[in-house]
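Read-outs throughout are calculated quantities, based only on the coordinates presented, and are distinct from any laboratory measurement. For clarity, every value in this text was computed on a predicted model and none was experimentally measured. A quick note on method: Cβ atoms are made from the backbone with ideal geometry, for glycine too, and the neighbour counts reach across all protein chains shown.
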Amino acid sequence: MRMSELFPIPVATYEMPTLDKKQKSWLSDQPTITNVGNRITKNKNLLDEDFMFPVKERIEMFLAEYYRQTISNSNEIKLRITQSWCNYAGRGESHHKHHHPNSILSGVYYVQTNDEDKIYFYNEKLMNSTFSVSTTEYNRYNSESWWIPTDENSLVLFPSDLRHSVESRNTDGPDRISLSFNTFYTGSIGDKETASLLSLP
């Protein structure tokens with residue numbers, strides 16, 4: 001038998017350089033507000049700070065690589081980061097299941113983690129299925145959710161409509177700190193001949 005994986009959802013993990021002391025301290029000490037299950041920064045444009053430019057530049061490089069490998073788009077188009085913020089979770093805190101509207105690709109850069117931290121992604125089609133059958137061995141085809149580890153300095157990129165969450169932390173210690181961001185197109189998409197051309201700032 002030959003199994004073909006048709007139309008898979010690409011989730012990519014990259015290794016980021018370690019933040020310098022100023023960058024990590026600044027991200028760790030941001031003013032926060034209460035979110036669903038955890039805390040989130042008031043500032044939703046963290047990567048726009050001048051001294052965060054090297055981090056933003058590296059993320060944009062990986063965004064371009066991901067987009068090139070998955071879309072292979074012929075237009076002169078790039079993805080720009082539209083907003084960026086940090087999430088913080090201590091013992092007993094989690095991150096609710098959600099997706100990122102008004103965005104093409106989203107990502108999470110893990111500034112500070114421990115060994116138990118992971119991110120869960122969800123198969124909405126399977127979760128909303130009319131039928132339920134017994135499963136003896138779970139795999140990528142029959143699972144309603146799938147997790148991947150989130151090591152410190154790792155960057156995870158995924159389509160923004162893919163729902164994801166983080167379970168509650170069960171241990172004490174420093175907060176889990178993750179820097180999340182959204183993106184949107186800049187340039188031109190579509191084609192003039194098919195009346196689908198759209199120019200974006």
Margin query: Within 10 Å of each candidate Cβ there may be at most 16 other Cβ atoms; applying that plus a DSSP loop requirement, which trypsin sites (Lys or Arg not before Pro) in the stretch 74-142 survive?
Written below: 140
Notebook entry, point to check: Can you tell which of 69, 112, 30 shows the greatest fluctuation in a Gaussian network model of the chain with Cα springs below 10 Å?
Noted result: 69
Margin query: Along the Cα→Cβ direction, 7 angstrom out, place labels at residue 127 and residue 21. What is the inter-label distance in nm?
Written below: 4.3 nm
Next item on the list: For residue 145, list long-range residues whose amide hydrogen, built 1.01 Å from N in the peptide plane, is under 5 Å from its own amide hydrogen.
Entry: 123
Item checked: In nm, spacing of pseudo-spin labels at residue 69 and residue 50 (7 Å Cα→C-beta vector) -> 3.5 nm
Check: For residue 83, which sequence-distant residues (separation of 5 or more, or a different chain) have an amide H within less than 5 Å of its own amide H, given hydrogens modelled in the peptide plane?
Finding: 182
Checklist line | Quarter of Cα convex hull surface for the stretch 25-130, i.e. mean projection, nm² | finding: 9.6 nm²
Item checked: Candidates 52, 16, 127, ranked by Gaussian network fluctuation over the chain, Cα under 10 Å, top entry -> 127
Item checked: Difference of contour (0.36 nm per residue) and Cα-Cα distance, residue 168 to residue 135 -> 9.3 nm
Check: ³J(HN,Hα) across the stretch 137-147 via Karplus (A = 6.51, B = -1.76, C = 1.60, θ = phi - 60°), whole Hz, x for Gly/Pro?
Finding: 9, 7, 8, 5, 8, 10, 8, 6, 9, 8, 10
Check: From the cross-link list 22/44; 44/118; 21/56; 21/97; 21/78, which pairs have alpha carbons spaced over 28 Å apart?
Finding: 21/97; 21/78
Note to self: Give me the percent relative contact order of the chain, please, defined on Cα pairs under 8 angstrom at least 6 residues apart.
What the structure shows: 31 percent
Next item on the list: Highest first, please rank the peptides 19-25, 150-156 by the mean number of other Cβ atoms sitting within 10 Å of their residues.
Entry: 150-156, 19-25
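Of all chymotrypsin sites (Phe, Trp or Tyr not before Pro) in the stretch 115-160, which ones are in loop regions per DSSP and have a Cβ with at most 13 other Cβ atoms within 10 Å?
131, 138, 141
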Checklist line | Per-residue HN-Hα couplings for the stretch 167-178 [Karplus 6.51, -1.76, 1.60; θ = phi - 60°; Hz; x = Gly/Pro] | finding: 6, 5, 6, 10, 10, 7, x, x, 4, 6, 10, 10
